[in-house]
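One structure below.
The values are calculated or read from the model by the stated rules, or taken from the named source; none is laboratory data. Please read all numbers here as calculations on a predicted model, not as lab measurements. Positions of Cβ are generated from backbone atoms using ideal geometry, with glycine treated the same way; all protein chains shown enter the neighbour counts. What goes into the accessible areas is simple: the full protein's heavy atoms, side chains included, and nothing from ligands, DNA or RNA. Shrake-Rupley method; radii C 1.70, N 1.55, O 1.52, S 1.80 Å.
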Amino acid sequence: MSEPTADNPSPKPKLPESWLEVLGDAFRTPHMQALRAFLIDEQKQHTVYPPNRDIFTAFWKTPFDAVRAVILGQDPYHGPGQAHGMCFSVRRGVVPPPSLQNIFREINDEIGIPRPNHGELTCWAEQGVLLLNAVLTVRARDANSHRGKGWEPFTDRVIAELDARHEGLVFILWGSAARRKAARVDRHRHLILESPHPSPLSAHRGFFGCGHFVKTNAHLEARGEAPIDWSVPD
């Protein structure tokens, strides 16, 4: 998020034009102004992930008009070097965290795709899978520390705009924070897939065996669209 200065108290957010066209006014709301002030203060006192330049990576990798599916997570990874602005994804060279390893396990079980040797999911984003967290920043080593600071109304708006302006999207909601967004989606016009979070604490309560990757592709193909290639190339 751009920081305000004396010369520019309301800087243009670092989003691509396709998203600014539908979300631009969201950055002028009181809760987003309060969020900006919170983040500036927070970054003076703590390490915050991801870095500012990466907060909106998901929006840059998947233009608004290109979205076909949304995977919604909770908040970014809170370990050093992990979060880079796309939910569940980590850059090459970073060991995939347990939640991502469980995602790869489920894909292998559903489709037979071998587990990859890295966890960067740009290849999914470039096929129209928006990799969005409900909260877009986090304090280092403190999961959920930025919950309730202003991100949720913003990501509610993202979901609402996608719901209103698209037809036949797939909303893949893992975990309670993500599943709360289901209320903002018209189930008659879009497919909603819900399960527990892929975290080791909850994956065995219904994430494993959810079939979401097969179901997503069946829905897209029924609409005459290409399926998502869920493989992650070396």
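Tabulated results
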{"item": "Flagged links, alpha-carbon separation over 23 Å, of LYS149/LYS215; LYS44/LYS149; LYS14/LYS215; LYS181/LYS215", "result": "LYS149/LYS215; LYS14/LYS215"}
{"item": "ARG223/VAL95 FRET efficiency (R0 45 Å; Cβ-Cβ; nearest 0.05)", "result": "0.80"}
{"item": "Phi-based couplings in Hz for region 27-41 (Karplus 6.51, -1.76, 1.60; Gly and Pro marked x)", "result": "7, 9, 7, x, 5, 6, 5, 5, 4, 4, 5, 4, 5, 4, 5"}
{"item": "Anisotropy class of region 52-151 from Cα gyration tensor, a/c 1.5 cut", "result": "oblate"}
{"item": "Mean Cα-pair separation over length for region 22-96, i.e. relative contact order, pairs under 8 Å, 6 or more apart, %", "result": "25"}
{"item": "Bridge type composition, the chain - antiparallel percent by DSSP, nearest 5", "result": "20"}
{"item": "Residues whose placed amide H lies under 5 Å from that of HIS84, excluding near-sequence neighbours", "result": "none"}
{"item": "Surface per residue (accessible, 1.4 Å probe) for region 50-156, Å²", "result": "38"}
{"item": "Difference of contour (0.36 nm per residue) and Cα-Cα distance, ASP65 to GLN45", "result": "3.4 nm"}
{"item": "Protein accessible area in the chain, 1.4 Å probe - carbon and sulfur %", "result": "49"}
{"item": "Phi to ³J(HN,Hα) by Karplus 6.51 cos²θ - 1.76 cosθ + 1.60 over region 128-143, Hz, x for Gly, Pro", "result": "x, 9, 6, 9, 10, 9, 5, 10, 9, 9, 7, 6, 3, 6, 9, 4"}
{"item": "Region 109-170, Cα convex hull volume normalised per residue, Å³", "result": "142"}
{"item": "Packing-based ranking, highest mean first, of 69-81, 163-175, 23-35, 210-222 given that Cβ atoms within 10 Å are counted", "result": "69-81, 163-175, 210-222, 23-35"}
